[in-house]
1. With chain B treated as a Gaussian network of Cα nodes joined by springs under 10 Å, which of B:231, B:66, B:91 yields the largest mean-square fluctuation?
2. Using Cα centres only, tell me the gap between region A:45-73 and region B:124-181 in whole Å.
3. Residues of B:265-277, mean number of Cβ from any other protein chain within 10 Å of their own Cβ, rounded to a whole number?
4. If packing is taken as the average count of other Cβ atoms within 10 Å, what order do A:207-215, B:15-23 fall into, highest mean first?
5. Relative contact order for region B:1-144 using alpha-carbon pairs under 8 Å, separation at least 6, rounded to a whole percent?
6. Convex hull volume of the Cα atoms in chain A, per residue, in Å³?
7. Quick check: the angle from helix B:92-113's long axis to the longest principal axis of chain B, C-alpha only, nearest 10 degrees?
8. Explain nothing, just the number: relative contact order of region B:58-203, from Cα pairs under 8 Å at least 6 residues apart, as a whole percent.
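The numbers here are math on the coordinates, done by the rules we state, and not lab data. Note that the structure is predicted; figures quoted are calculated from it, not measured. In this analysis, Cβ positions are derived from the backbone assuming ideal geometry, glycine residues included, and neighbour counts consider all displayed protein chains.
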């Protein structure tokens with residue numbers, strides 16, 4: 001008998017590696033400095049955003065240049081929860097996800113009427129409108145922004161235990177907590193995307209990406225699928241945005257809705273790493289961070305290099321660095337392709 | 001008569017946005033290329049004109065006339081060497097390439113000219129105004145508006161009454177069939193981008209003379225320009241002017257109510273038009 005499977009040896013190895021790496025990552029604060037934890041927090045949150053954008057653009061065909069809308073609204077909802085409702089910042093992160101989801105409904109209603117390039121610009125305009133509206137919200141600092149109150153940041157649940165466990169100060173304990181949450185978020189988001197792509201829904205997504213008409217003709221509801229992907233992506237982006245600003249503890253409309261930080265960087269990470277694969281954003285974020293560290297002292301040269309690198313990749317290796325690696329080695333760490341297994345075909349392999 | 005004043009000032013502002021948008025509209029209409037670096041290229045051209053004025057001591061107009069062939073060549077090279085290689089059915093590659101270009105140009109300018117805001121000195125024109133009784137018009141905004149109309153008349157003349165324009169329209173409608181008729185689409189595209197960059201230089205001249213600019217303002221100009229193009233409809237230059245005027249009037253009206261609402265109301269006008277007419281007001285070509 002034969003069966004359909006996505007399982008490969010490399011895929012199993014990845015799963016085992018995750019079970020080793022995640023506990024190691026959780027224990028890491030015991031042996032590393034606060035600076036490393038902050039760097040890792042940055043890497044993990046950028047990776048989360050990149051995985052989400054990759055799901056949207058690489059699999060869903062939804063090229064949004066307005067994801068900063070959801071980062072910003074998530075961050076502001078978290079601040080509103082803490083400052084106006086008196087919630088604990090960690091609990092208020094969930095509010096960020098909900099707010100992003102709520103914003104995504106009218107956004108999708110509007111943007112899905114637009115095609116291709118119009119969609120990209122439409123999402124950007126909505127992000128700008130959201131930023132300008134939030135800047136009018138005087139209770140949260142208006143255009144200049146505000147900080148999380150001292151009593152809220154010193155009372156985050158779990159920081160006492162972390163202080164005792166690792167023998168660190170309160171601010172460092174907060175970074176460790178944020179890092180753990182970022183680690184959890186990236187594992188859950190990547191895991192969910194991986195699961196999604198291997199499920200019926202993923203098959204439908206791949207079909208839509210390759211040929212919309214053909215997918216419709218075999219019964220895929222394209223509209224519903226795009227709605228689902230867009231809403232899931234928005235909620236996850238909102239959670240990430242809220243978490244990022246729990247760690248910085250300071251917010252302003254410019255920072256929370258920055259198109260450079262939350263969309264340009266993210267797009268570069270996905271493009272350089274390889275769009276349309278789960279491995280791509282992982283490779284991309286490592287390159288991004290390496291470039292950032294190497295060129296940190298050269299100011300805007302770093303961003304220039306990043307922009308030119310993205311152009312070069314698009315011209316000479318449209319599938320990104322992971323595409324090159326995978327084409328040479330045939331390696332798929334997160335296999336989503338369905339293969340026939342258990343069947344010996346004479347003369348084939 | 002404050003509303004009349006608001007309306008007229010808004011229309012004149014719309015002229016500037018139409019100038020920002022005309023080059024974009026041309027390129028978008030012919031090859032469906034979304035150039036996300038358009039705003040940054042306007043700022044780049046403004047620095048080019050400024051250098052002509054400050055380093056060579058030229059008048060802004062002469063500096064702009066000298067900058068135009070330079071920008072044409074840059075646009076031609078950009079299209080021939082980079083953008084032609086990524087144009088295709090999939091809109092993602094050109095979008096990503098121009099996004100990369102946008103960030104590269106912005107930061108290159110930052111490195112070369114610092115974040116200080118600059119202005120192209122326009123001499124006596126800067127504060128000059130015309131009193132028409134009911135409303136007072138600034139000479140500079142009026143000149144911008146007239147230039148926008150002249151640029152659109154010129155582009156339309158080129159588009160509808162020359163052999164090159166026929167090649168533009170043919171390629172816009174069906175690049176493959178145009179190729180069979182002896183038109184080389186890639187060469188046509190390169191010329192089109194070159195011409196768009198000439199219009200960009202004109203837009204940059206007014207941008208730089210009317211207000212301060214710095215390397216970071218490109219993306220906002222790109223959004224206004226894009227809104228004007230999309231409101232107007234694909235491939236219609238007069239539509240682009242109408243779109244620019246709608247954005248300009250909405251912004252001026254918003255600012256009249258509350259200065260903080262200027263940009264916001266402009267965006268909302270765009271969203272409303274998109275809700276009512278997702279393909280714009282006067283679409284010429286089918287997307």
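1. In this elastic network of chain B, the residue with the biggest mean-square fluctuation among B:231, B:66, B:91 is B:91.
2. If you average the Cα positions of each part, the centres end up 37 Å apart.
3. Details: counts 1, 4, 9, 4, 0, 5, 5, 0, 0, 8, 3, 0, 1.
Across the residues of B:265-277, the mean count of other-chain Cβ atoms within 10 Å is 3.
4. Working: A:207-215: 14.2, B:15-23: 29.4.
Highest-to-lowest ranking by the protection proxy: B:15-23, A:207-215.
5. Numbers: 99 pairs, mean separation 48.5, N = 144.
This gives 34 percent for region B:1-144.
6. Values: hull volume 56.4 nm³, N = 349.
Here the figure is 162 Å³ per residue.
7. Computed tilt is about 50 degrees.
8. 43
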